[in-house]
Structure formats: C-alpha cells, structure tokens
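Reviewing the structure listed below.
The values are calculated or read from the model by the stated rules, or taken from the named source; none is laboratory data. Computed from a predicted structure; not experimentally measured. Every residue, glycine among them, receives a Cβ derived from its backbone with ideal geometry; neighbour counts consider all protein chains shown.
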Amino acid sequence: MKQTIGIIGGGASGLVAAYFASHNNNNSVHIFEKQNKIGRKVAASGNGRCNLTNMNMGSEHYHGDKTFVAAVLGAFSLDDTIQFFETIGIVTTTLENGKVYPASLQATTVVRILEHELSHYNVTIHLSRKIESIKPVASGFKVTTAGKEEHFFHKIILACGSCAYSPLGASKDGYDLARMMGHTVVEPFPAILPVTITNKPLHTLQGIRWDCTLSVVIDNSVVQQVTDEVLFTAYGISGPAALSIARTVNHALLLGKAVTIQCNIFPYYAYNDVRNKLMRLLSQPDKSLEFALYGIMNNAMPKVFLSIAGIEYTLPAAAYINNIDAIINAFTHATLHPGAVRPFTEAVVAAGGVAMDEVDPTTMQSKLVPGLFITGELLNIDGNSGGYNLQFAWSTGAIAGKHC
Ligand SMILES: Cc1cc2nc3c(=O)[nH]c(=O)nc-3n(C[C@H](O)[C@H](O)[C@H](O)COP(=O)(O)OP(=O)(O)OC[C@H]3O[C@@H](n4cnc5c(N)ncnc54)[C@H](O)[C@@H]3O)c2cc1C
C-alpha cells in the first residue's frame, strides 16, 4: 500500500513539497487548496514577475531563528533552487540587486509549469477545499474540509502560509490548524507594508517618488537605516525604503516603544555639499525661502519639510543664511511620526508564526507530532523584501517533500 501524503495549502511551499514528495514512487500525494486556484500569491509576486530568489542569499536577510534559516538554506540552497527551476523548464534571470526572476518575467509561468509537473507526477489537487481540522488517528491523520469531507493520510504537510494579504485569500487558518496540533504560535504582525505617518503636511506629497535615507530611531538610537526610493502617499510612506523599515517600526510600536523615522531627502550629498548648495540658493536676493529651494528639490517639498520643522517659508531666503543649519536639518533630519500599524490586508509578508524550536530544520517535521511537517511563511521566520520569502518557501517545501 502506498503512503498517503496530504498537503494543506497549494502555495509556494506546498507545490514544491508536492513535487519532491511525488518523486517517491511509494507516495500518493494530495494537495488541498481552499481557493479555486493554486499559487495565487506566487502568481502575484514581484509585481507579477515573481522575484523568486536572490543571488545574495544568506540567513542575515531573515528575522527569527537565523541558525534555523542557515540550516534550511544549507539543506536546499540558492543553487539547488535555481537548478530545480532549470530542471522543470524555467530559465531564470538576475536583475537589479541580485533579484532572480523567471526569464519570462511572468509569475504565472512559475505556477503553470509547477502545475504541469505535478500532474505529470500524479499529484491530486483538490481545489476549493478548505481544511478546517486535523486530528491524529491510528497510523496518521484525519483532515476534515469545510464541507465535512473526511480524508485520511499517513503524513501531513501544513503549508497554509501566513495571514498577510487577504485580497489573495490569506487568513489565520494555518495558525489555527497548527495550534490544533499542539504547536505554539508567535502572534503574527504585518512585516512588509507601507507605514502610516501622522505628520499631516507630508500627505500633500502623495504620488511623489524620491530617494531618501530613512533612519528608524527607537529610544533615541538609530536601529535601522535604509537608502532607497520612498513613495509618498495620502497617509504616509510606501515604496522600497518604507517597506524595508516597516518591520522594525511595527515591532517597536507593538511593544509600545517610542519610535520616530528620520528622513533625509539628500541621501547622496555629503553635509558640506548640501550646505554649499543651499548657501548659494539662499543667497539669491529676490526669492522667498520656498521659491529658492525649488532649484534643488521637487517643488512640493520645501513647504512640507519646512512646515514639519516649524520654519516659516514665505520670508526672503537671504534672511535664513545665518540660520542655515536649521534649514539643512529640516531636509536631512525631518522627524516623522509613525501612526497606527497598517492592516494585514496591505502586508505582503507577516512576521510571527509557528515557534521554530518545535520544528526540525533538517526535515521540517514537527518535534511535537511525528508525521506532521510545517513549511513556508506559516513558520516564525520572515525575510526581507527581494526574493527571500519565496526562497524560504521553496527550501522548506523541498525539505519537507523529500523527507516524507
Ligand atoms: C502581493 C505579494 C507579492 C509578493 N512578492 C514576493 C516576491 O516577489 N518575492 C518573494 O520572495 N516573496 C514575495 N511575496 C511573499 C511570498 O509570496 C510568500 O512568502 C510565499 O508565497 C509563502 O509561501 P507559502 O507556501 O508559505 O504560502 P502561500 O504561498 O501563501 O500558500 C498558502 C496556500 O495555502 C492555502 N490555504 C490556507 N489555508 C488553507 C486551508 N485551511 N485549507 C486549504 N488551503 C489553505 C492558501 O489559499 C494558499 O494558497 C509576496 C507576497 C504577496 C502577497
């Protein structure tokens, strides 16, 4: 008799787990996917291009138990991942900042080809089947769907993902099912998403993209600094720089710490460069401060950053020459105040999840329930933006699939 493997979740890690599990001829593999399609997040990833990994792979790009991550990346590495995609017929290409994509630059390619492979290896995919409960029974597990169908498996791979980005069907199901099996779940929080800023003048910059250095200041110390593009929005900041600092900001806010974000809109100039340039601009006799500054930044910016710094901007520019350091500070050390953490619906990745000391990184098997494997973003590990989260999903999926 074949060993039956039930995979709950047809996303990144579940699909790869199914691929490897199905290579064992003794396995009969079934995926249960609650939505009417598999791989919806994969298909939407990387703005529809699927940033599937990163050439600068390493545990330093992850949050949580880095030893666990290193073990996972050692067991199914970046090279293994690229080789895996080559094997199934997906050529990859490396673009900016080491980000790796399918050569088609179409995320749907990845889902379609994985689906093709799984049908070739006789994996059964049950769509629109939400698993509501798992129970250990003699020689395996009983899973029950929302429609009260019951299925029995020798082994289960829990690959339900996180609760980030509900527009693509994400929910807290995975955490509930893990808890049902006795696992501890570290409370999730949104990790990669825009940041609300309460300084109202900033909201008028909506739609402007500008490279900035953002420094996260917690209890008067800079704990993270990122230089990248900021997209100003009607409620705060988005774009790569904001997405990179969101995790640090949100974690601090949830712990009730005092957190501010310092914004420098001149990230590529040394202080003296800024000083000399502004000195020249302010020396123009017939311009207001605001108008003089149009020469060096987006014209909506002087008013906003001077207001945030409490500096009157309509007076003649020359009047500020003796106070130039305050003007420089307004643009290099603007203090932004983060507001309420934005919701999971906007987060592309969630931190938190199943406690790592309860899972074996060499197999992804639960240390509490033999025969249960847990993969992907459901675990209490999250990566930075740039392909790290999908890599963790591919690696954990592959390890689980090979070991069941
Ligand atoms: C818009 C967006 C863009 C992204 N872009 C990138 C990117 O470019 N690069 C990158 O590295 N990461 C990216 N990510 C993150 C990445 O997609 C995830 O980290 C990754 O998909 C996690 O894989 P997973 O297998 O853990 O979960 P998922 O891929 O989310 O799969 C989980 C699956 O389980 C199903 N499921 C859940 N509960 C049940 C249940 N009770 N019964 C049955 N099925 C269930 C879900 O419907 C889902 O299909 C992006 C995320 C989003 C939302």
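Quick notes
- Residue that is in a helix (DSSP H, G or I) and buried (at least 22 other Cβ atoms within 10 Å of the Cβ), where the choices are Val16, Val29: Val16
- Members of the range 65-102 found to be within 13 Å of the ligand (Cβ to nearest atom) and out of contact with any helix residue (DSSP H, G or I) (no Cβ under 6 Å at 6 or more places or on another chain), listed by number: Leu78, Leu95, Glu96, Asn97, Gly98, Lys99, Val100, Tyr101
- Per-region count, the range 310-327, residues under 38 Å from the mean Cα position of the chain (by Cα), surrounded by fewer than 17 Cβ atoms within 10 Å (Cβ to Cβ) and on the phi < 0 side of the Ramachandran plot: 2
- Residues that are near the ligand (Cβ under 7 Å from one of its atoms), outside any helix (DSSP H, G or I) and either closer than 26 Å to Ala246 by Cα or free of Cβ contacts under 8 Å to residues at least 24 places away in the same chain (or both) do not occur anywhere in the range 354-372.
- The range 82-95 residues that are not assigned by TED's automatic domain parsing to the domain that holds Gly386, paired with ones that are modelled with pLDDT under 95 and not in a loop (DSSP other than H, G, I, E, B) (beta carbon under 7 Å, 6 or more apart): none
- When Lys200 is tested against (1) outside the structural domain of Leu368 (by TED's automatic domain parsing); (2) crowded, with 20+ Cβ neighbours inside 10 Å, just one condition goes unmet, and that condition is (2).
- Only residues that are farther than 21 Å from Gly401 by Cβ and not in a loop (DSSP other than H, G, I, E, B) were counted across the range 36-61, and they come to 8.
- From Gly98, Gly39, residue being closer than 21 Å to Tyr388 by Cβ and surrounded by fewer than 17 Cβ atoms within 10 Å (Cβ to Cβ): Gly98
- Where Asp286 falls short, out of the listed (1) surrounded by fewer than 18 Cβ atoms within 10 Å (Cβ to Cβ); (2) more than 18 Å from Ile321 (Cα to Cα); (3) not hydroxyl-bearing (Ser, Thr, Tyr): (2)
- The residue that is farthest from His403 (Cα to Cα), counting only those in the range 12-35 that are near the ligand (Cβ under 6 Å from one of its atoms) and touching a helix residue (DSSP H, G or I) at 6+ places or on another chain (Cβ under 6 Å), is Ala12.
- Selection status of Lys41, in the same structural domain as Glu150 (by TED's automatic domain parsing) and near the ligand (Cβ under 6 Å from one of its atoms): yes
- Matching residues, the range 209-229, being under 22 Å from Phe189 (Cβ atoms) and crowded, with 23+ Cβ neighbours inside 10 Å: Leu214, Val216
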